1. Out of all the residues in the stretch A:128-139, which are out of contact with any Asp or Glu (no Cβ under 6 Å at 6 or more places or on another chain) and buried (at least 17 other Cβ atoms within 10 Å of the Cβ)?
2. Would you list the helices (runs of 4 or more DSSP H) that sit entirely within the stretch B:245-321 and hold 2 or more residues that are touching a strand residue (DSSP E or B) at 6+ places or on another chain (Cβ under 8 Å) and within 14 Å of chain A (Cβ to nearest Cβ)?
3. Against the condition of a type outside the set (S, T, Y), closer than 25 Å to A:E39 by Cβ and touching a Lys or Arg at 6+ places or on another chain (Cβ under 6 Å), how does A:G266 come out, does it pass?
4. In the stretch A:76-109, how many residues are among the hydrophobic types (A, V, I, L, M, F, W, C), more than 22 Å from A:F153 (Cα to Cα) and in contact with a Ser or Thr (Cβ under 7 Å, 6 or more places away or on another chain)?
5. Can you tell which of B:P160, B:P188, B:P197, B:P152 is within 23 Å of B:L120 (Cβ to Cβ) and surrounded by 17 or more Cβ atoms within 10 Å (Cβ to Cβ)?
6. Working only within the stretch B:200-219, note down all residues that are part of a strand (DSSP E or B), facing another protein chain (nearest Cβ under 10 Å) and farther than 30 Å from B:T263 by Cα.
7. Being part of a helix (DSSP H, G or I), within 13 Å of chain A (Cβ to nearest Cβ) and at pLDDT 95 or above, is that true of even one residue in the stretch B:154-176?
8. Could you list, in sequence order, the residues of the stretch A:19-66 that are in a helix (DSSP H, G or I), farther than 17 Å from A:V309 by Cβ and not aliphatic (A, V, I, L, M)?
2 protein chains.
Amino acid sequence: MKHFAIAAAVFLSASALAADPLPSWNDTASKKAIVVFVENVTKEGSPDFVPVPERIATFDNDGTLWSEQPAYFQLFFTIDQVKSLAPKHSEWKQQEPFASILKGDMKGVAASGEKGLMALLAATHAGLTTEEFEKAVTQWMATAKHPKTGKPFTAMIYQPMLELLAYLRANGFKTYIVSGGGIEFMRPWTEKTYGIPPEQVIGSSGGLKYEVRDGKPVLIKLPKLVLNDDKEGKPVGIQRHIGRRPIAAFGNSDGDLQMLQWTCSGSGARFCLFVHHTDAEREYAYDRKSHIGKLDKGLDEAKARGWTVVDMKGDWNKIYP
Amino acid sequence: MKHFAIAAAVFLSASALAADPLPSWNDTASKKAIVVFVENVTKEGSPDFVPVPERIATFDNDGTLWSEQPAYFQLFFTIDQVKSLAPKHSEWKQQEPFASILKGDMKGVAASGEKGLMALLAATHAGLTTEEFEKAVTQWMATAKHPKTGKPFTAMIYQPMLELLAYLRANGFKTYIVSGGGIEFMRPWTEKTYGIPPEQVIGSSGGLKYEVRDGKPVLIKLPKLVLNDDKEGKPVGIQRHIGRRPIAAFGNSDGDLQMLQWTCSGSGARFCLFVHHTDAEREYAYDRKSHIGKLDKGLDEAKARGWTVVDMKGDWNKIYP
């Protein structure tokens with residue numbers, strides 16, 4: 001009898017685990033809200049039912065699908081590109097923000113502001129063909145390590161969000177990334193890492209120029225933004241690339257607020273969620289006063305509108321895979 | 001025995017029809033080239049095999065999926081918009097290209113050139129929210145008729161191309177429109193008409209501005225091009241929206257040439273096709289000297305590179321559904 005009870009308990013817990021599409025989520029209100037929403041929009045005959053083609057879900061990347069501290073990961077890539085290009089640019093020793101980067105002075109880099117950032121992107125991203133740039137990103141991703149954890153950057157993705165992406169897709173959703181990060185910086189690895197193909201990646205985009213070089217067509221990256229996919233730019237990017245309004249949106253900062261507003265102001269069932277970084281031990285804790293991924297207005301609006309706010313510490317039993 | 005033979009013949013021809021995914025295509029070289037390509041890239045173990053996620057096919061719209069004579073159909077829409085807005089714009093009687101439109105003088109409209117076209121688009125497309133514009137397009141499509149055939153514009157689509165779209169999708173392809181026409185002009189009807197959802201429509205795109213009006217978020221169309229999706233702009237639009245190179249591309253004019261070059265210069269099996277308008281009786285006949293849909297350099301390059309050129313008159317046994 002005892003043996004039977006143990007066997008039954010093991011069997012039950014194994015089958016419960018197998019049945020739970022979100023095992024890294026604790027059984028708190030956040031998880032319940034997600035499951036209730038998905039069940040409502042997928043149940044035929046339900047007043048909240050949404051046909052498959054309209055099941056569009058958009059996810060911010062930095063701080064929502066992977067970590068973003070102590071700096072956006074694309075900045076580490078850019079810094080490494082500057083260092084590798086430096087031998088060909090002796091003038092950079094006297095020129096900001098390159099001089100600060102070469103001295104390892106991150107405050108000096110930050111002081112150069114948006115103008116400095118654009119100069120960095122122009123020097124390291126523009127002028128390359130899309131294929132050369134893809135190769136540079138892929139090579140860097142294969143070897144670069146995060147300064148604090150020592151992990152590859154693509155290992156610093158959130159296991160609970162991977163489960164959420166898979167759960168939504170299993171329920172007929174098309175999952176998109178809508179990130180302030182560079183579109184061509186993300187596409188080389190998002191399919192393998194998140195199961196999100198390049199055509200479902202929306203990000204800040206630079207101009208491109210078509211040219212035939214030595215009889216071979218190429219696309220050259222230009223130092224000109226055609227989409228700043230942040231804040232008000234996120235609904236713009238969504239409309240430009242998808243052409244219909246998502247029914248679910250996931251972010252972690254005020255940069256995602258407009259995407260959530262746009263998503264949740266549509267008619268019918270809608271779901272909006274902020275990931276709140278509350279776990280200084282397993283990841284990072286920051287919100288209203290952070291210089292990266294500031295979540296301030298978003299927290300207030302989430303409360304006022306009844307959006308879901310994930311408490312990373314309490315809601316997630318696992319952070320990285 | 002005779003009855004049996006007739007029954008067998010009927011059965012055979014019915015099953016042959018059922019088995020033919022391209023019944024509106026005559027058994028000429030064009031059809032054979034399409035079928036051979038699709039069989040090669042879908043056959044596991046074949047040296048030309050292409051995995052499903054990479055089976056991207058791009059189609060021009062005007063002149064490739066639907067007719068484009070005597071003028072691009074979007075121009076008829078724009079003219080009708082000008083006429084309906086005219087009572088609120090008495091100044092248009094003295095202002096080109098509006099004055100010519102109101103007088104029905106199409107030569108005067110053409111004389112205003114690209115500057116005039118931009119003024120028209122600004123007056124009729126910009127300033128509206130994306131939802132208002134979608135509604136205007138949908139209402140117009142439901143009632144407007146082609147000046148020559150008297151058919152609704154969405155009935156002037158090519159039956160053989162519908163079959164080709166379905167055949168490619170049945171073989172794991174994702175089918176995209178890549179058109180010089182306006183992206184927001186096409187999206188309201190492409191899903192119903194071609195089975196191509198809004199997120200797989202790429203077109204010339206204007207700027208958008210996110211605003212909260214009376215507490216409700218909206219996207220306003222701006223009179224500024226962010227993508228001129230024609231000629232060199234087509235590979236740019238493809239990269240921006242899809243992020244990978246198509247393996248098959250379909251066009252009908254020199255405006256599609258760069259899309260075909262970009263597609264067919266990739267490695268592995270590739271397929272490029274021009275629709276050549278050779279049927280003055282059932283549709284229109286035009287090529288090297290046409291003011292719309294000029295096919296000149298494209299014809300030469302297709303010959304030099306061995307691309308498929310569809311002879312509408314000889315290759316298609318049906319034009320419209």
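1. A:L128, A:T129, A:T130, A:E134, A:A136, A:V137
2. Details: elements: B:257-264, B:297-305, B:312-315.
Those helices (runs of 4 or more DSSP H) span B:257-264.
3. yes
4. 0
5. Numbers: B:P160 fails: within 23 Å of B:L120 (Cβ to Cβ); B:P197 fails: within 23 Å of B:L120 (Cβ to Cβ); B:P152 fails: surrounded by 17 or more Cβ atoms within 10 Å (Cβ to Cβ).
When all the criteria are applied, what remains is B:P188.
6. B:K209, B:Y210, B:E211, B:V212, B:K216, B:P217, B:V218, B:L219
7. Residues of the stretch B:154-176 that are part of a helix (DSSP H, G or I), as a first pass: B:154-155, B:159-170.
Among the residues that remain, those that are also within 13 Å of chain A (Cβ to nearest Cβ) are: none.
Looking for residues that are part of a helix (DSSP H, G or I), within 13 Å of chain A (Cβ to nearest Cβ) and at pLDDT 95 or above, one finds none in the stretch B:154-176, hence no.
8. Of all residues in the stretch A:19-66, those in a helix (DSSP H, G or I) come to A:19, A:29-42, A:52-54.
Retained after the next criterion (residues that are farther than 17 Å from A:V309 by Cβ): A:19, A:38-42, A:52-54.
Matches in the stretch A:19-66: A:E39, A:N40, A:T42, A:P53, A:E54.
The values are calculated or read from the model by the stated rules, or taken from the named source; none is laboratory data. Bear in mind that the values here come from a model prediction, so they are computed numbers and not experimental data. Cβ sites come from the backbone with ideal geometry, for glycine too, and all protein chains shown count toward neighbours.
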